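Beneath this line is the structure, given in structure tokens, with notes to follow.
What follows is calculated from the coordinates using simple rules that are stated; it is not laboratory data. This one's a predicted model, so the numbers in the text were calculated from it and none came from an experiment. Glycine gets a Cβ as well: all are built from the backbone with ideal geometry, and neighbour counts include every protein chain shown.
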Protein chains: 2
Amino acid sequence: MPGQSRSKWQQIAADLRNQVTDGTLAPGAQLPTESELTSRYSVARATARQALTALVNEGLVVPQPPRGYFVKDRKPLYYRPQTEFRPRPLSPEMDIFLAEHSEAGREPRQTIDVAIVEPSSDVAKRLRLEPGELAVVRRRVRYLDGEPYNTNDSYFPLSLAQGTEIMMPHDIARGANQVLTENGAHQVRALDEIYVRMPTPDEATRLQLGPGTPVSCHICTGLTEDGRPVRVVINILPGDRHVIVFERDRAKEAES
Amino acid sequence: MPGQSRSKWQQIAADLRNQVTDGTLAPGAQLPTESELTSRYSVARATARQALTALVNEGLVVPQPPRGYFVKDRKPLYYRPQTEFRPRPLSPEMDIFLAEHSEAGREPRQTIDVAIVEPSSDVAKRLRLEPGELAVVRRRVRYLDGEPYNTNDSYFPLSLAQGTEIMMPHDIARGANQVLTENGAHQVRALDEIYVRMPTPDEATRLQLGPGTPVSCHICTGLTEDGRPVRVVINILPGDRHVIVFERDRAKEAES
């Protein structure tokens, strides 16, 4: 912020931030300690700590007491909503992108539980449920190398899911979408909404989120040919662990 | 968090958060004051303040001294990356969605400046620039009703933009994409990446962001038929002012 007066801790934070951003301090690298900053900038220890804490709260830096502070080093996973309708990428650029952010070599695992619930108004509105109408939710937490990566809660109208494999608390190899198709609810289009916000305390606990880690809330509504919503998925994706990607093709999008 | 012990301020914050989330406290409504919480929960004033501050830091509540604390009331704007290739929505659901999040009745304005820069590695990598190769950037800040809503920085290789309208610091009515097409760089596809993080101090200043307001960083790379990147756009979208939306069509996406 040239031309603006900044306090000492803000200057120190800005110097360190620039070094993180331009790669001088690489992911995983240790930052100067409080003592080092104290002598380098001729400031009180509390001032050095204030600068480091600011970077922690921005999500750039992780404290690892008693060793010190380190540049956050977490490889984001790609998250590609288009996968369900478009398994393979269309372009070489997307291929390269996915290879850089793949799960390769990481150990995936998930937990699933199923419940019959009176859904929140967010879900009820999108599924166009009547007041009091119930939904089935399949709640999943996805882990990579033992670390929680995201949550994925899929809601279906109870009237549609009843008696199907959707009610079973195990993985459905052919996918819940295929089960819907077999039950007369074939989805032909989807609407994706992405909201960005701080996590709730529950989400922070469930996903082991550190300070300065916002989440995106991806809500996907799946619709049949006649515009009936048959599935609403709410994904909570920690910002430090994901990049959301889409690819668009001009020729296909221009048709209408 | 049933079963977990919580401190008094966490309980108060949880009660208030639930009332905000379920709509008992509507957007714009005033929260109980520190004094009211002090007597209602039989706690010290500092405890009441700690609960309210937690909600401020989560971005749910805005302090308006000396009146008190209010539920954040800001209508998010839709942001639809598909617009550039698909001006009109395909489905009635998207029509409804856009109508609910429109700019209608709000006063839009933007500032534009143009600069020749040595771009960051993020941009250089995506434009596949040689070391030291320069780019032209058109930097825009978009306002609604006088409030900054987002920033939109579009980068082009200097070799491509030189001598075109892209270099002029005014709005290009037919769009920079059309200028590229006229100059032999017609884009046929785009890759969208969405990162979610806390703002930098510069972004917080430029966009007047309050506490607990993360941003999404949307990076769009536009490519020609032969896979040449000719445009990289970096959009910074405050989480409290935007919802990012996409619509997907199964039949179109399955073709490949």
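Assuming R0 = 35 Å, can you tell me the calculated FRET efficiency for the pair residue A:7 and residue A:67, based on Cβ-Cβ distance, to the nearest 0.05? Please list the in-between numbers first.
Values: r = 27 Å, r/R0 = 0.78.
The pair residue A:7/residue A:67 has a calculated efficiency of 0.80.
Note the distances from residue B:254 to each other copy's matching label point, with points 7 Å along the Cα-to-beta-carbon direction, in nm, sorted shortest first.
Output for residue B:254: 2.5 nm, nearest copy listed first.
Based on the Cβ-Cβ distance from residue B:74 to residue A:113, what FRET efficiency comes out when R0 is 41 Å, to the nearest 0.05?
Details: r = 35 Å, r/R0 = 0.85.
The value I calculate is 0.70.
Post the alpha-carbon centroid distance, the stretch A:84-141 to the stretch B:29-45, in whole angstrom.
Each part reduced to its Cα centre gives a spacing of 40 Å.
For peptide B:241-247, compute the average count of partner chain beta-carbon atoms within 10 Å of each residue's beta-carbon. Mind dumping the intermediate values first?
Working: counts 1, 3, 6, 9, 5, 12, 7.
Taking the mean over all residues of the peptide, I get 6.
Taking amide H atoms as placed 1.01 Å from N in the peptide plane, list the residues 5 or more away in sequence, or in a different chain, whose amide H sits under 5 Å from that of residue A:72.
The answer is A:28, A:61, A:62.
Towards the positive end of the charge dipole of the stretch A:8-71, with charges on Cβ (+1 Lys, Arg; -1 Asp, Glu), say which of A:16, A:71, A:32 has the farthest Cα.
A:32
Restricting to DSSP H runs of at least four residues, report the calculated mean residue ellipticity at 222 nm for chain A, -39500 (n - 2.57) per run over all residues, nearest 500 deg cm²/dmol.
On the way: 9 runs with 73 residues, N = 256.
Result for chain A, helices only: -7500 deg cm²/dmol.
Give me the dipole magnitude in Debye, nearest 20, for the stretch B:8-71 about the Cα centre, with unit charges on the beta carbon: positive for Lys and Arg, negative for Asp and Glu. Can you show the working numbers first?
Numbers: 6 positive and 5 negative charges, 37 e Å.
Rounded to the nearest 20 debye, it is 180 debye.
Which distances in nm, rounded to one decimal and ordered from shortest, link the label point of residue B:195 to the equivalent label points in the other identical copies, with labels set 7 Å from Cα toward Cβ?
Counterpart label points of residue B:195 in the remaining copies fall at 2.5 nm.
Counting only other chains, and only Cβ atoms inside 10 Å, what mean value do you get across the residues of A:17-24? Walk me through the numbers on the way to the answer.
On the way: counts 3, 0, 0, 0, 4, 2, 1, 0.
That works out to 1 on average.
Relative to the longest principal Cα axis of chain B, at what angle does helix B:45-57 sit, 0 to 90 degrees, rounded to 10?
Taking the Cα atoms of chain B, the angle to B:45-57 is about 20 degrees.
Among rounded, prolate and oblate, which fits chain B when a ≥ b ≥ c are the square roots of the eigenvalues of its C-alpha gyration tensor, a/c under 1.5 means rounded, and a/b larger than b/c means prolate?
It is prolate, given that a/c is not under 1.5 and a/b is the larger ratio.
Just subtract the alpha-carbon distance of residue B:170 and residue B:122 from 0.36 nm times their residue separation and send over the number in nm, one decimal. Spell out each step's value before the answer.
Values: separation 48, 0.36 × 48 = 17.28 nm, distance 2.56 nm.
In short, 14.7 nm is gained.
Based on other C-beta atoms within 10 Å, arrange A:101, A:242 from fewest to most.
Details: A:101 17, A:242 23.
Going from least to most buried by this count: A:101, A:242.
Just counting partner chain Cβ atoms within 10 Å, what average do the residues of peptide A:210-217 show around their Cβ?
Details: counts 0, 1, 3, 4, 11, 3, 7, 3.
That average works out to 4.
Tabulate in residue order the Karplus-calculated ³J(HN,Hα) for the stretch A:62-76, using 6.51 cos²θ - 1.76 cosθ + 1.60 with θ = phi - 60°, rounded to whole Hz; enter x for Gly and Pro.
Residue by residue, the stretch A:62-76 yields 10, x, 10, x, x, 6, x, 10, 10, 5, 4, 10, 9, 7, x Hz.
In nm, what does the list of distances from residue A:30 to its counterparts in the other copies look like, shortest first, when each label sits 7 Å along Cα to Cβ?
Here residue A:30 shows inter-copy label distances of 5.4 nm.
Count the net charge of all other residues whose Cβ sits under 10 Å from the Cβ of residue A:47, scoring Lys and Arg as +1 and Asp and Glu as -1. Each step should come with its number before you reach the end.
Numbers: positive: A:8, A:45, A:49; negative: A:34.
Net charge around residue A:47: +2.
On the rotation axis linking copies A and B, which residue of A comes nearest by its Cβ, and by how many whole Å?
Measuring from each Cβ to the axis, the minimum is at A:214, 2.
Using Stokes-Einstein with the Kirkwood hydrodynamic radius over Cα pairs, what translational diffusion coefficient do you get for the protein assembly as shown at 20 °C and a viscosity of 1.002 mPa s, in µm²/s rounded to a whole number?
Values: Rh = 25.0 Å.
Answer, rounded: 86 µm²/s.
Averaging sequence separations of C-alpha pairs under 8 Å and six or more residues apart, then dividing by the length of chain B, give the relative contact order as a whole percent.
Working: 395 pairs, mean separation 44.2, N = 256.
Dividing the mean separation by the residue count of chain B yields 17 percent.
For the stretch B:167-233, just say rounded, prolate or oblate: build the C-alpha gyration tensor, square-root its eigenvalues into a ≥ b ≥ c, call rounded for a/c under 1.5, and beyond that prolate if a/b exceeds b/c, oblate if not.
On the way: a/c = 4.00, a/b = 1.84, b/c = 2.17.
The shape class here is oblate.
For the residue pair residue B:33 and residue B:178, what label-to-label distance in nm results when each label sits 7 Å from Cα along the Cα-to-beta-carbon direction?
5.7
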